[in-house]
Each structure stands twice: as structure tokens, then as C-alpha cells.
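Since the structure comes first, as C-alpha cells, the remarks are kept for the end.
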Amino acid sequence: MDCDDCLEKLYAFLDQELTPGERNQVASHLEGCTDCLDNVTFEERFLKVIRDCGTSDVAPAELRRRISERLRSDIPPTTA
């Protein structure tokens, strides 16, 4: 496996979507290639930041209720 192949499989590797054989190939390449390992490390950190950004923000119950009411009042009644 060369660097281009490794980078092509980078996100599948990080998301654990590769077959065991492909995963082993990428892991073996990473053991000997500091450039690709640096890319993986950067992407792991980047994805963690992205995942952590949206996990704790929840709208207050009162705001959710008001939005729901407003949406329902804006929907015209349907006739059958």
C-alpha cells in the first residue's frame, strides 16, 4: 500500500468501515509512514472536535414548545 491508497481509505479506516484485511494493510502502512500517521492523527483530533461540538447543546423545553406551537399554527388545515 502506498500513501495515495492509504489516504483514499483514511475516513473508512477511522470510521472502522474497512474489511479486516484492508484495515491491516492501512495499519501496516501507518507503522512505517510518519506522514500518513500524522494525517490520521490530525483527522482523529479534528473528528473528535466536530463530534464534541454538538453533543451538549439542547434547546430549553420552553423554546422547543414555542417553536412547535408556531409551526403548528403556520400549517394550513387540510381538507379531505
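The values are calculated or read from the model by the stated rules, or taken from the named source; none is laboratory data. The structure presented is a predicted model; accordingly, all values stated were derived computationally and were not measured. Positions of Cβ are generated from backbone atoms using ideal geometry, with glycine treated the same way; all protein chains shown enter the neighbour counts.
Observations
- Residues of region 23-66 that are in a loop (DSSP other than H, G, I, E, B) and loosely packed, with under 11 Cβ neighbours inside 10 Å: Gly54, Thr55, Ser56, Asp57, Val58, Ala59, Pro60.
- Residue ID - modelled with the highest pLDDT, chosen from residues in region 50-80 that are of a type outside the set (Asp, Glu) and closer than 24 Å to Asp15 by Cα: Ile50
- Residue count for region 2-22, restricted to those that are outside any helix (DSSP H, G or I) and at negative phi: 6
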